[in-house]
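Worksheet for the structure shown next.
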Amino acid sequence: MSDQPVNTGNWTLDWPTSRGGRIARAQLKHMPEDFRVFEDLGLPGFPAEGPPGDDATGGEHLCLLLEKTGDNTEYVARQLALLSGCRHFDVGFCGLKDRHAVTRQWFSIYRPGMELDDDAFIAQVVERWPVLAWTRSARKLRRGDHRGNHFEITLRRVTGTTNDIDEALSELTVSGAPNYFGPQRFGHGGANLDRALTIDPSKLNRGGRKGGKKRGGRHSGSGSQDSKNVLYFSAARSWLFNEVLGRRVEAGNWRQLLDGEPGLGPDLELVPTGPLWGDGGTEAVSEQGALEREVVAGNPGLEGLFSATRMKPERRPLIARPEQLRWQWLAEDMLRIGFWLAPGQYATTILADIFELYEGAKDPDQ
């Protein structure tokens, strides 16, 4: 397939807020230091800083806690693979972190039997990025292995009533915000969604194998396209979730259980959720199932992607609740906000429930 987007330009990329509109404007990421992300790994044997502790277990994977500025996660992973001489997929991490930020994140590098060379390898890495902690582990780090992320975000050129902003932040702790997927997932202007419409779902290689034979050989070049297709597929799934959540926010029932709500997780907890669409559509039935199918049926191009993938439908909570929320006014127009989020929740999406955010030196509306 061609990797060129269709350029429809018709995608909704901004969804309703919990209060019917945003109450303030603010500049985001004036400099990388304004957006700090510290990964909370929460796994035994991984020190908060420095060398391995007494609970270190050892293993074939050298794990490094790096601080990076201006580099995205996948770029750092590729560079670590080059330095180590391993394959790119032998480097593991728990999630993608913002590029235009200061982030602290763990990476695992497959280096079996090379323990004596760890100090020399770490010295090489330190020439590129600060290494804050290290240990060895028996297993590769994988997406979602971390407990969550701590954020410390400085908003500049804040316009709005201070009391209203304080009240909204206090309410955020109690009521949460709509758990939308962030706009970066959809590409500029929805380009990833345009490309999703060009995918042949019967050829989507999500597992890397078909018919017991590995696809995308070393020289075939198909592996790169497969990964892009998965990215576009994920964008389509996320956008459909946002569309359902947006409808619920407009109706004012996004914090409530509707009739037909499926249980979430191994304990089948009943909380408000929306669909991560799959083959067969949604697990919801009755009122909720009807709503979700109605919304998705309005986008037949995306809906059709799921019919041949055999991907099981899943659920995602509608509410994102930041924990340990705190804030401080550094000046009349400068606000520092800190909080902790579970994996899969977006800091900028939560703040966008209150603030009209813009990046760059100049407010585009002025």
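The values are calculated or read from the model by the stated rules, or taken from the named source; none is laboratory data. Everything numeric in this text was worked out from a predicted model, so none of it was measured. Heads up, the Cβs are rebuilt from the backbone with ideal geometry, glycines too, and the neighbour counts pull from every protein chain shown. Only protein heavy atoms, including side chains, enter the accessible area calculation; ligands, DNA and RNA are left aside. Shrake-Rupley method; radii C 1.70, N 1.55, O 1.52, S 1.80 Å.
The accessible surface of the chain, taken with every protein chain in place and a 1.4 Å probe, is 48 percent carbon and sulfur.
Summed over all non-identical Cα pairs, the Kirkwood treatment of the chain gives a radius of 22.4 Å. In vacuum, with every alpha carbon of segment 1-160 counted as one equal point scatterer, what does the Debye formula give for log10 I(q)/I(0) at q = 0.12, 0.16, 0.18 Å⁻¹? Two decimals, please. The Debye formula, applied to the Cα set alone, gives -0.64, -0.93, -1.07.
About its Cα centre, the dipole of the chain is roughly 1480 debye, where the only charges are +1 on Lys and Arg Cβ and -1 on Asp and Glu Cβ. When the Cα positions of 35, 46, 56 are compared along the charge dipole of segment 7-105, 35 comes out farthest toward the positive end, with charges on each C-beta of Lys, Arg, Asp and Glu. A 1.4 Å probe, protein heavy atoms only, puts the accessible area of residue 87 near 130 Å². Heavy-atom accessible surface of the chain, averaged per residue, reaches 50 Å², computed with a 1.4 Å probe. By a 1.4 Å probe calculation restricted to protein chains, residue 279 has an accessible surface near 70 Å², given to the nearest 10.
Considering all C-alpha pairs of segment 281-366, those separated by over 15 Å amount to 75%.
Of the residues 159, 112, 132, the one whose Cα sits farthest toward the positive end of the charge dipole of segment 107-163, with +1 on the Cβ of Lys and Arg and -1 on the Cβ of Asp and Glu, is 159. Only helices enter the 222 nm calculation for the chain: every DSSP H run of n ≥ 4 contributes -39,500 (n - 2.57), and dividing by all residues gives -7500 deg cm²/dmol, rounded to 500.
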